[in-house]
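All remarks here apply to the structure that follows.
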Amino acid sequence: MPKICCTCCGAEYPESGLPHVCIKCGGIFDYDRPFQIQRSDLEKHDSTLWQYQKSFGPTYDLPPISLGEGNTPLLLRSFAGEQLAFKMESCNPTGSYKDRGTTVLMTEIASRGIPFVVEDSSGNAGASLATYCSWAGIDCKIFVPESASGNKLNQISRSNAYVQMIPGPRNNATIAVEEAVRNLPAIYASHALQPFLLPGIATIAYELFSTFGQAPGTVIIPVGHGGLFLGIMRGFDALYQQKIISKMPLFIGVQAKGYHSFVSHFDDQKNNDTKNSIDSIAEGVRISIPSRYQQIIRMCETIDCEFVACNNDELYTAINECWKMGLYVEITSALVWAAFRKNNRKYPGPIVFIMTGSGLKY
Ligand SMILES: [Zn+2]
């Protein structure tokens, strides 16, 4: 089974506690080899992603902290003579793909006997963590930017989580949570850094394989910190390494204009203007420095990847078109459709769009 190690100094992940970064050097933790997925697990038809639990690493002594995540619908739409497939991650229990990672992380937290977690988020990650903590009976404190409002904040505050509003820019909430981890007996269940989220997200790849009986030709994915993109790549990589698929899909990562670090990287640094005069409306991916940046760059050395950035005009058009197709997603999810429409070229089929969050939160 793969081990979790620090990507900088190689230190193994400790057996107690739940550090979000390496205690010795501050490096990011990651798995040291591809996930192990069994063909027999791909043939099961359980109601949750826990049918793939052997690929998550440890065998847990306690039942999973699960609310029924995974097995999301794949909706088909005809467009310009082509059949397109939309993986509706918005149909997870708290309305976003985050639940796939949260269920694995929360089960790890419970198995380590951790009674208290903290997180900084006013979005889908905070809503997911707060809800799962409420279900598991684990205390939870979410640091939220004072400017936050709306249905995601309602989800967090109605879940029994303690919400602490932090004045100033978004990064102040991260500074506050890091200070809390130093001073409280709590662990930082960071949606950007915790390694345990990745095997849960990888199950999207297993489900797509089970539906198509092969890898799709193209998968189009929004990119913020990159956990979703990396997790799906890792899932297909596990299938490829075990010769269950013979070819990897083409991965298209979509960033918001102004936060397009990967686009700049693969554009030979010609397009380095990562500032934008108007902030992106794709709130879920307004990330200047993605946590998974180096891990994704490394995987893209051997796997076909492209990156696209979309501006607000493209997003407004895309969200309207999504809703008119009966794809009721939030605006960050429409990035994938905006990128497809903008590029207007032939991708290898079948083409799958990862629709990350519900429009009912928007
Ligand atoms: Zn280290």
(message) Return the residues of the range 213-228 that are touching a helix residue (DSSP H, G or I) at 6+ places or on another chain (Cβ under 7 Å) and touching a residue at least 60 places away in the same chain (Cβ under 8 Å); say none if nothing qualifies.
(response) Pro216, Val219, Ile220, Ile221, Pro222, Val223, Gly224, Gly226, Gly227, Leu228
(message) If a residue counts only when it is crowded, with 24+ Cβ neighbours inside 10 Å, which strands (runs of 3 or more DSSP E) contained entirely in the range 69-174 have at least 1 such residues?
(response) 82-88, 116-120, 139-145
(request) Could you please find all residues in the range 1-19 being more than 8 Å from the ligand (Cβ to nearest atom), over 20 Å from the mean Cα position of the chain (by Cα) and under 22 Å from Arg182 (Cβ atoms)? (result) Tyr13, Pro14, Glu15, Ser16, Gly17
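Answer with yes or no whether Cys22 is part of a strand (DSSP E or B) and within 16 Å of the ligand (Cβ to nearest atom).
On the way: part of a strand (DSSP E or B): no; within 16 Å of the ligand (Cβ to nearest atom): yes.
In short, no.
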(message) Suppose the filter is within 16 Å of the ligand (Cβ to nearest atom) and of a type outside the set (S, T, N, Q); does Asp61 pass it?
(response) no
(request) Of the conditions (1) crowded, with 21+ Cβ neighbours inside 10 Å; (2) outside any helix (DSSP H, G or I), Val177 clears all except one; give me its number. (result) (2)
(message) If I go through the range 25-49 residue by residue, how many of them are more than 14 Å from the ligand (Cβ to nearest atom) and either of a type in the set (Val, Ile, Thr) or not in a loop (DSSP other than H, G, I, E, B) (or both)?
(response) 8
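Since every read-out is calculated from the coordinates, none of them should be taken as a lab result. Everything quoted here is computed from the prediction, not taken from an experiment. Here Cβ is always computed from backbone atoms with ideal geometry, including for glycine, and neighbour counts include all displayed protein chains.
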